Amino acid sequence: LNAVMNNGPLREAYNRCLPKLTRYATEIGQNESLFRAFEAVAEDRDVSDPARRAVLEHALREFRLSGVALPGEQKTRFREVMERLSSLQAHFEENVLDATNAWSRHILKAGDLKGLPEGVLDRAREAAEAKDLKGWLFNLDFPTFHAVQTQAHHRGLREDFYRAWSTRASDEGPDAGRWDNSEVMTEILALRSEAAGLLGFDSFAEYSLARKMAGSVSQVIDFLEDLVAQCRPAAEAELAEVRDLAGHDLEAWDVSYYSEQLREKRFSMSQEDLRPYFPVDKVLEGMFETARRLFGISIRSGEPVGAWHPDVRYYQVDDQEGPRGGFYVDLFARAHKRGGAWMDECIGRAKLDSIDDLPVAMLVCNFMPPSGDRPGLLTHHEVVTLFHEFGHTLHHLLTRVPYPRVAGINGVAWDACELPSQFMENFTWRPEVLPMISGHHVTGEPLPEEMLQRLIESRKFQAARLMIRQLELALFDFRLHSAGKGLSRAEIDQTLAQIRSQVAVIRYPEFTRPGHSFSHIFGGGYAAGYYSYKWAEVLSADAFSAFEDAGIFDQDTGIRFLTSILEVGGSVPAADAFVAFRGRAPSPRPLLRLSGIAA
Ligand code: ZN
């Protein structure tokens, strides 16, 4: 609720509870009697069931990572550090949210808005009317920011939005210093480093890897740098094409715009041209059908019990034997809702003695809401996002593991968590699937064959440049956390500058402060873990290549993916689950091939 219906009292209650919950978790984690009891069970009993064994192993690992074995004073200090970190992280997110909400741009001249799609203009006009203003009022939500960056012809407008977006919650930009996260960031890094040190790790990155599939700090750095080496020449060539089209040097707020122009020139098609073909209901219907063919499950509407907003829907999932679980869907952007898209668990799978709980999930996005007679319409990019979150949802819902600690997404190595989600994305690019998920919102006709072919080709468009962007962020995160000590603001800036000079292909302005709104690593659980997206993308592309080989809806392959990966949750180490499905260790080749970087 704090994320989807944010308001003063709720935020206050949330912040009051957060330290208590953290303290509770830390106290349980540091409870020596419990730790000894788990140890005794692990030593005395022959636990042959792999899921039970995983529960024990994970519990013992978590005890150690919670500082259970620390001497008294250090144990107390560790607890203090963890509590302080959780409120600092929440504070970081608040600053980002407040800074984003505070900025808006009021425009009176229609001429300044050339190029912007109708949907964005309608919303801006409605926003202005709601405040008794003439003209258009634009907020800084991601769909608006993205539309301006990719489509607004007015260069100054793009620059204004870029400046506001890339300096949020920092010491730069239009609201410089007002919600500045600088001190929050340095304190977070110092405390994380201290916590890792107390447990005997060299750095927070090393501590973070204790829960991951990747084996060591150097393995992650090598993995990222190897991909940089493979992608950078292609990324430079892609940027040169954009520059050629523009006919001048590119500022940061020009790149997305001319890149979109190049895409339109090459494919005669924009994301906005695709939007009418992807009404939300049609996409959901086709997505559910895809899941039915792959995994033999059916999905139907149910009553949204306890829904938090009229937009929220509920779906029930069954297989041939009966119910498997259900999920809430909350698709549209609105005020006081956290940006981005995510899946979270509502109820976890549990079958223990008298308990028999089926899993319930929630799938949340920030798509452009319906307006007037027009239903919610998605760009293909948003369709990909929806399939992504649906992949997480299936991972949570289809588990067969009866023990909550390792059921569904729980207990899965962090860097393998994005395997099912990114795996599902691949289906949105297939000629077998596109006709199932598309239907023009007026005529009902599926995406015309010729547009479909161009869309599929467009997947490789500027793919190396986008990959480089992700690798920059992943290296920034990992380097910040592998320093082995806290970093000053100057050192954070230096780290960023160094990565940009070695990795980035576009020239970023001095004023940008990407770290200050990097919620993944400072607000949430992706600290020293942002690389996981690429890591899991390699796994997911490789897993998907099994379907390319066998047939996109091949049922044996689908069932093997279901039983080796989705159903086992965290009860099997991620590397073993992958090998069980694919018959070998993962390879980066399929990802480079799908992205058009390797032949
Ligand atoms: Zn994800």
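The values are calculated or read from the model by the stated rules, or taken from the named source; none is laboratory data. Fair warning: this is a prediction, and the values are worked out from it, not measured in the lab. Here the Cβ positions follow ideal geometry from the backbone for every residue, glycine too, while neighbour counts run over all protein chains shown. Quick note on the areas: whole protein, heavy atoms, side chains included, nothing else; ligands and nucleic acids left out. Shrake-Rupley method; radii C 1.70, N 1.55, O 1.52, S 1.80 Å.
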Seminar exercise, completed: Taking the alpha-carbon centre of each part, the distance from the range 324-402 to the range 525-599 in Å is 21
For this session: Between the alpha-carbon centers of the range 188-239 and the range 1-66, tell me the distance in whole angstrom.
Result: 25
Seminar exercise, completed: Taking only protein heavy atoms and a 1.4 Å probe, the highest-to-lowest accessible-area order of C417, C231, C17 is C17, C417, C231
For this session: Would you please state which residues of the range 560-599 a label at E321 would reach in this model, taking the label point 7 Å out along Cα→Cβ and a backbone N cut-off of under 17 Å?
Result: 560-569
Exercise. Given charges of +1 on the Cβ of Lys and Arg and -1 on the Cβ of Asp and Glu, with all other atoms neutral, how large is the dipole of the range 527-599 about its Cα centre, in debye to the nearest 20?
Worked result: 260
For this session: Just order 102-108, 176-182, 7-13, 579-585 by mean Cβ neighbour count inside 10 Å, highest at the front, would you?
Result: 176-182, 102-108, 579-585, 7-13
Seminar exercise, completed: Of all DSSP beta bridges with both partners in the chain, the antiparallel percent, nearest 5, is 80
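Can you give the Kirkwood hydrodynamic radius of the range 1-92 from its Cα pairs, in Å with one decimal?
15.1
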Exercise. When the Cα atoms of the chain are enclosed in a convex hull and the volume is divided per residue, what value in Å³ results?
Worked result: 161
Problem set entry | Where GluC sites (Glu not before Pro) fall in DSSP loop in the range 268-330, at most 16 other Cβ within 10 Å | E321
Exercise. What is the spin-label model distance, in nm, from R61 to W342 if the labels are put 7 Å beyond Cα along the C-beta direction?
Worked result: 2.2
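What dipole magnitude, in Debye to the nearest 20, does the chain give about its Cα centre under +1 on Lys/Arg Cβ and -1 on Asp/Glu Cβ?
About 400 debye.
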For this session: Give the span of the range 336-387's Cα atoms along each principal axis, as three whole-Å numbers ordered largest to smallest.
Result: 51, 22, 20
Exercise. In terms of Cα to Cα distance under 30 Å, which lysines are near enough to K109, apart from those fewer than 8 places away along the same chain?
Worked result: K131, K134, K265, K337
Exercise. Along the charge dipole of the chain, which of G391, A237, I492 sits closest to the positive end, that is, farthest toward it, with unit charges on the beta carbon of Lys, Arg, Asp and Glu (+1, +1, -1, -1)?
Worked result: I492
Seminar exercise, completed: The answer for trypsin sites (Lys or Arg not before Pro) in the range 493-539 that fall in a DSSP coil and have at most 14 neighbouring Cβ atoms within 10 Å is R507
Problem set entry | Estimated dipole of the range 447-493 in Debye, rounded to 20 [Cβ of Lys and Arg +1, of Asp and Glu -1, Cα centre] | 160
Seminar exercise, completed: Rounded to whole Å, √(5λ) for the Cα gyration tensor eigenvalues of the range 457-574, largest first, gives 35, 20, 10
For this session: Would you mind pulling out the separation of the Cα centroids of the range 282-323 and the range 415-485, in Å?
Result: 23
Exercise. Where in the range 290-396 are there chymotrypsin sites (Phe, Trp or Tyr not before Pro) that are in a DSSP coil and have at most 15 other Cβ atoms within 10 angstrom of their Cβ?
Worked result: W308
